[in-house]
Amino acid sequence: MYYSITGKVIHYEEGKVVLENNGIGYELGVSANTLSAFAKKGETITAFTYLKVSEDEMSLYGFYSKEEKAMFLNLISISGVGPKIALQILSGIDLQRLAIAIVNGDVKTLAKVKGIGKKTAERIILELKEKIAQSDSSDDDGFFGLVGGETTSKDEIVNDAVLALVSLGISKTEAVKAVAVARQHDDRLENIITAALRSFDR
């Protein structure tokens, strides 16, 4: 219902930012990263938003970037992971490390986040990897065999890097192009993802 809200920051505290737009104050639940980005009274900012409506609740959540919102939506699609837990995850680990942990099946890193146990971490990794893989496997362009149709270990790294970018809300086409360029300069997964993400900031 609400894609984004642009307004002036009139209040903020842990887990919450209030934006004023046309005389209306919108209270947004936010992660620590979004709070850090928005925590300056009087500034006019744009927050990407998600409205949760249920029988006994109507809550609005805000995000500093489309990528953070996309990851939030991915997280709350998992059984047992509600908005509060999703915000805890986004507050406890940055998007890049979270994406890498998911595609690499790094349960240990996720389990370190406050409020996330080993079982929840395993479920997040399993369900998000499957969801991304299923959406990509139906594509005709088949980016899993992107570089020259090879089946080398380097292509496995390419696939993991593309999956990480897609999980952050970047389109598959853009992710494939960015990773292909980044891989020409480095073969390490983390460095490829970092270089690819930087290319979108130019």
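The values are calculated or read from the model by the stated rules, or taken from the named source; none is laboratory data. The structure displayed is predicted, hence computed values, not measured ones. We place every Cβ from the backbone using ideal geometry, glycine too, and count neighbours over all the protein chains shown.
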Select from the range 30-55 the residues that are touching a residue at least 60 places away in the same chain (Cβ under 8 Å) and hydroxyl-bearing (Ser, Thr, Tyr) and list them in ascending order.
Ser31
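Pick out, from the range 78-134, the helices (runs of 4 or more DSSP H) lying fully within it that include 2 or more residues that are touching a residue at least 60 places away in the same chain (Cβ under 8 Å). Full working, then the answer.
Values: elements: 83-92, 95-103, 107-111.
Fully inside the range 78-134 and qualifying: 83-92, 95-103.
Which residue out of Tyr61, Tyr3 is surrounded by 14 or more Cβ atoms within 10 Å (Cβ to Cβ) and either of a type in the set (Ser, Thr, Tyr) or touching a strand residue (DSSP E or B) at 6+ places or on another chain (Cβ under 9 Å) (or both)?
Answer to the selection: Tyr61.
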Give the residue that is modelled with the highest pLDDT, with candidates limited to residues of the range 107-132 that are surrounded by fewer than 14 Cβ atoms within 10 Å (Cβ to Cβ) and in contact with a helix residue (DSSP H, G or I) (Cβ under 7 Å, 6 or more places away or on another chain).
Lys118
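Does Asn104 satisfy the condition of being buried (at least 17 other Cβ atoms within 10 Å of the Cβ), of a type outside the set (Asp, Glu) and at pLDDT 70 or above?
Details: buried (at least 17 other Cβ atoms within 10 Å of the Cβ): no; of a type outside the set (Asp, Glu): yes; at pLDDT 70 or above: yes.
Judged against the criteria, Asn104 is not a match.
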Using the structure shown, decide if Ala70 is within 12 Å of Leu168 (Cα to Cα), assigned to a helix (DSSP H, G or I), aliphatic (A, V, I, L, M) and at pLDDT below 85.
no
If I filter the range 15-29 for residues that are of a type in the set (Val, Ile, Thr), closer than 23 Å to Val162 by Cα, free of Cβ contacts under 8 Å to residues at least 60 places away in the same chain and surrounded by fewer than 19 Cβ atoms within 10 Å (Cβ to Cβ), do I get at least one hit?
no
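Can you tell me which residue in the range 164-202 is nearest to the chain's Cα centre (by Cα), limited to those that are outside any helix (DSSP H, G or I) and buried (at least 18 other Cβ atoms within 10 Å of the Cβ)? Break it down into steps so the answer makes sense when it comes.
Within the range 164-202, the subset outside any helix (DSSP H, G or I) is 168-171, 184-188, 200-202.
Subsequent filtering for residues that are buried (at least 18 other Cβ atoms within 10 Å of the Cβ) retains 168-170.
Details: Leu168: 4, Gly169: 7, Ile170: 9 Å.
Step by step, filter the range 164-202, then rank; the result is Leu168.
Identify all residues within the range 75-93 that are under 21 Å from Phe200 (Cα atoms) and within 9 Å of the chain's Cα centre (by Cα); write none if there are none. Quick ask: steps written out before the conclusion?
Keep residues of the range 75-93 that are under 21 Å from Phe200 (Cα atoms), which gives 90, 93.
Correct list: Leu90 only.
This table checks each residue for (1) of a type in the set (Phe, Trp, Tyr); (2) out of contact with any Phe, Trp or Tyr (no Cβ under 9 Å at 6 or more places or on another chain).
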site	(1), (2)
Thr49	no, no
Glu57	no, yes
Phe63	yes, no
Asn104	no, yes
Taking interchain pairs and intrachain pairs at least six residues apart, which have beta carbon atoms under 8 angstrom, with the first residue in the range 182-198 and within 15 Å of Asn104 (Cα to Cα) and the second assigned to a loop (DSSP other than H, G, I, E, B) and not hydrophobic (A, V, I, L, M, F, W, C)?
Leu189/Asn104; Ile192/Asp186
